[in-house]
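The values are calculated or read from the model by the stated rules, or taken from the named source; none is laboratory data. Quantities reported herein were computed from a predicted structural model and do not represent experimental measurements. Neighbour counts run over all protein chains shown; Cβ positions are idealised from the backbone, glycine included.
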């Protein structure tokens, strides 16, 4: 039986809350520990990114271990960009040896975007094959080579989904493929176009996928109209409606951040009513101190108590 608090929260029928922290660009863990201490009582698990945007950082596995030591529940993000199947399986076992019970399987940003553009990407497996790998290791107790595993990894297995990326017509079928590959929970790209997200969720429900996987809607609070325009124009697969930009533009200076928080809270409150949404993944990028306020204002605090 899993020890994942996140899985127990979801299976008990509660709306889950997860958040996210990026490890530091150095070996001092204090920055990520400080972030985690601010948010750990307001969410059920904390994602630790894996060299996000292809920038070299403290390893996700090491950061997850630091979080475990302060009583926070981590979600190990693992990308296939940097490791072959041997290294991936080894790191899965390493996480399991520290009783890290949640994993999010990702492909990872291309290395040309980061600080080592000359580096060779690996992509021995893709994100769906990584999902399959974790499930084979957990459910069958086998390595990909067929040998038995001593103490298989006990992990709740997740994947990401972007309802807004082109072509839109493949978004629901791609989710179905991830579920077939073994995904048990899904965290989505951050949502600003609620109408389009709700249309995607209708497609999800039409295929009964909402009954096969736990979907956590992704939210990122906007600090300013400049951030909103950057997300709209410079971040691939992002859909920021003009109405959101207009709303932020109508507020002066520092009050834009307050308006961004209000938009985030309102979005969570609306999405709570969408059938198939089972929780929220709040990605407050370098703004983790606002997560408690968002969770409280959205009516998601205190978090439920779940027995082991």
>> For region 196-210, give me the residue count where each residue is out of contact with any helix residue (DSSP H, G or I) (no Cβ under 7 Å at 6 or more places or on another chain) and either free of Cβ contacts under 8 Å to residues at least 40 places away in the same chain or crowded, with 22+ Cβ neighbours inside 10 Å (or both).
In response: 6
>> If residue 61 meets every condition in (1) more than 23 Å from residue 180 (Cα to Cα); (2) in contact (Cβ under 8 Å) with a residue 12 or more places away in the chain; (3) surrounded by fewer than 18 Cβ atoms within 10 Å (Cβ to Cβ) apart from one, which number is that one?
In response: (3)
>> Give me the helices (runs of 4 or more DSSP H) completely within region 225-308, filtered to those with at least 3 residues that are modelled with pLDDT of 95 or more and closer than 30 Å to residue 168 by Cβ, ordered by residue number.
In response: 225-234, 242-249, 255-271
>> Looking at 118, 132, can you tell me which residue is free of Cβ contacts under 8 Å to residues at least 12 places away in the same chain and either surrounded by 15 or more Cβ atoms within 10 Å (Cβ to Cβ) or in a loop (DSSP other than H, G, I, E, B) (or both)?
In response: 118
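Kindly indicate the residue of region 13-41 that is closer than 15 Å to residue 216 by Cβ and in contact (Cβ under 8 Å) with a residue 24 or more places away in the chain and also farthest from the chain's Cα centre (by Cα) among those meeting that condition. Walk me through it before giving the result.
At the first step, the residues of region 13-41 found to be closer than 15 Å to residue 216 by Cβ are 13-20.
Add one more test, that the residue is in contact (Cβ under 8 Å) with a residue 24 or more places away in the chain, and what stays is 14-20.
On the way: 14: 18, 15: 15, 16: 12, 17: 11, 18: 8, 19: 7, 20: 7 Å.
Checked region 13-41; the qualifying residue farthest from the chain's Cα centre (by Cα) is 14.
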> If you check residue 164 against the conditions, is it in a loop (DSSP other than H, G, I, E, B) and crowded, with 20+ Cβ neighbours inside 10 Å?
Replying inline: yes
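Could you list, in sequence order, all residues of region 153-170 that are more than 21 Å from residue 45 (Cβ to Cβ) and in contact with a helix residue (DSSP H, G or I) (Cβ under 6 Å, 6 or more places away or on another chain)?
Narrowing region 153-170 to residues more than 21 Å from residue 45 (Cβ to Cβ): 163-170.
Passing the criteria: only 163.
For residue 104, indicate whether it is out of contact with any helix residue (DSSP H, G or I) (no Cβ under 9 Å at 6 or more places or on another chain), modelled with pLDDT of 95 or more, under 26 Å from residue 216 (Cβ atoms) and buried (at least 16 other Cβ atoms within 10 Å of the Cβ). Steps first, please.
Working: out of contact with any helix residue (DSSP H, G or I) (no Cβ under 9 Å at 6 or more places or on another chain): yes; modelled with pLDDT of 95 or more: yes; under 26 Å from residue 216 (Cβ atoms): yes; buried (at least 16 other Cβ atoms within 10 Å of the Cβ): yes.
Against the criterion (out of contact with any helix residue (DSSP H, G or I) (no Cβ under 9 Å at 6 or more places or on another chain), modelled with pLDDT of 95 or more, under 26 Å from residue 216 (Cβ atoms) and buried (at least 16 other Cβ atoms within 10 Å of the Cβ)), residue 104 qualifies.
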